[in-house]
1. Just to be sure, is Asp90 within 16 Å of the ligand (Cβ to nearest atom) and either in the same structural domain as Ala26 (by TED's automatic domain parsing) or buried (at least 22 other Cβ atoms within 10 Å of the Cβ) (or both)?
2. Would you check which residues across region 197-219 are open to solvent by less than 70 Å² (accessible area, probe 1.4 Å), over 17 Å from Ser232 (Cα atoms) and of a type outside the set (Val, Ile, Thr) and list them?
3. Tell me which helices (runs of 4 or more DSSP H) are completely within region 93-180 and hold 1 or more residues being more than 16 Å from the ligand (Cβ to nearest atom) and under 25 Å from Lys2 (Cβ atoms), or say none if there are none.
4. Here are Ile226, Ile236: which of them is touching a Gly at 6+ places or on another chain (Cβ under 7 Å), outside the structural domain of Ser389 (by TED's automatic domain parsing) and open to solvent by less than 70 Å² (accessible area, probe 1.4 Å)?
5. So which residues in region 269-279 are within 16 Å of the ligand (Cβ to nearest atom) and either under 15 Å from Cys155 (Cβ atoms) or open to solvent by less than 20 Å² (accessible area, probe 1.4 Å) (or both), if there are any at all?
6. On the basis of being more than 16 Å from the ligand (Cβ to nearest atom) and either hydrophobic (A, V, I, L, M, F, W, C) or more than 25 Å from Arg354 (Cα to Cα) (or both), does Glu241 make the cut?
7. Go over the candidates Lys122, Lys62 one by one and state the one that is charged (D, E, K, R), in contact (Cβ under 8 Å) with a residue 24 or more places away in the chain and outside the structural domain of Arg31 (by TED's automatic domain parsing).
8. Looking only at strands (runs of 3 or more DSSP E) that fall completely inside region 350-401, which ones have 1 or more residues that are of a type outside the set (S, T, N, Q) and open to solvent by 50 Å² or more (accessible area, probe 1.4 Å)?
Amino acid sequence: MKFAICNLGCKVNACEAESISEALTAKGWTRSTKEEDSDAVLIFTCAVTNTASAKSRQMLHKARHANPKAVTAVVGCYAQMQDGLLDDADIIVGSSHKNELPELLEQFRQTGKKIRLIEDLKQIPFEPMPLDHFEDHSRGVLKIQDGCNQFCTYCIIPYVRGRERSLDPKTAVADAARVAQNDSEIVLTGIHTGRYGKEYNVSLAQLMKRILQEVPSLKRLRISSIEMTEVSDELIQLIKEEPRVAHHLHIPLQSGCDEILRKMGRPYDTAAYYAKIEQIRHEIPHIAISCDVIVGFPGESEEMFEKTYAFLEKCQFAFLHVFPYSLREGTKAAAMADQIDPKIKKERAEKCRRLSMKLEDAYQQAQVGSIGEVITERPHGNDTPGHTSDYIHVVIPDQKYPRGSLVRVRMKEYRSRQMIGKTESVKNDEAI
Ligand code: SF4
């Protein structure tokens, strides 16, 4: 029997989809890339924007149309919203019971009865979704946390993923050891990763220390993203002292205007954010810091946008992820007055994306001549690509290294927005 998986949304969603793919394959199913020749189509939905929900619906209708006989299952955040627009699906599973999908598919194939599994999210436990190897990914991914208690005014996630909860530390370390058999680098991910471990009284930094101690073969550990309020002194110390922890932090900013940050319900102002990245850079001079920024939030005047733009410049980020504000029904911000004209949102987003390219070029150009440790990905022709600890994508021309090798590389030149590295000129005792 064949199955196809369509995944929308974040790294956590992708991780969960891959975990179910592994579970189905272990039960004898074969993964297909085409809905039309599949016996089941699983759609991992997203609700982060109205557009994402619309795409989830389109995927269901496309799957239905491509193969009316296939069992269709819609899963996750948008399914959890139960707005009735996914009722065409045979199986609907919300933000819990995802790892029961293989059994639910079997149950539907036996009974033909539609299955609806949507729980109240208040008390749901963390659902382990082990994943040995993330196909077509250059790094292993480990989901260690789920849910969020912060309720930023623009965000639907706390309503569809429930309260924050974590994978127990013992299982997390065991999962990391299994992933490290296939991958030299692991990215720790979650919905609010920095809030890991509250129920176990184990911090993210403590979990990372345990993984590094108990999985000596692991070459690098990376955090997908972390809120500035959770970048603790303990974590900064760990990054400073442990070379296997990636020297890159992606710290969502969202706005560089304090008035907008207040309207977003973000738990900090620009002074606190700037003081935090100054502290990080003081302790770890050679670290890359990047951020998420939302432009065109309700009420964002031209002057407020210029404040954000100036703050982004002042922070000297390594790159930016730029999002034009997207109204999401069901959030507080959706009801706010002064929604910004889509044309203006688009202009502001484009302006910030140009800034991101400028900042990224400046950051990478400044690394030319330095030496970095690159974890290699699958070779392309005679060249080997890979990433440094501070998340620079490097190409090593005319040299082939097996995937997952750790190579010391001199950053030779930054050409056409690509870092070119060379290995032969590196002497082992030269400092990184
Ligand atoms: S921290 Fe804010 S933006 Fe992030 S998931 Fe929670 S509510 Fe959403």
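1. no
2. Leu212, Leu218
3. Per the criteria, 101-111.
4. Ile226 is the lone residue from the list that is touching a Gly at 6+ places or on another chain (Cβ under 7 Å), outside the structural domain of Ser389 (by TED's automatic domain parsing) and open to solvent by less than 70 Å² (accessible area, probe 1.4 Å).
5. Result: Tyr273, single match.
6. Criteria met by Glu241.
7. Testing whether each residue is charged (D, E, K, R), in contact (Cβ under 8 Å) with a residue 24 or more places away in the chain and outside the structural domain of Arg31 (by TED's automatic domain parsing) leaves just Lys122.
8. Those strands (runs of 3 or more DSSP E) span 371-376, 393-396.
The values are calculated or read from the model by the stated rules, or taken from the named source; none is laboratory data. This one's a predicted model, so the numbers in the text were calculated from it and none came from an experiment. Backbone-built Cβ (ideal geometry, glycine too); neighbour counts: all protein chains shown. Side chains are part of the model used for accessible areas, which takes the heavy atoms of the whole protein and leaves out ligands, DNA and RNA. Shrake-Rupley method; radii C 1.70, N 1.55, O 1.52, S 1.80 Å.
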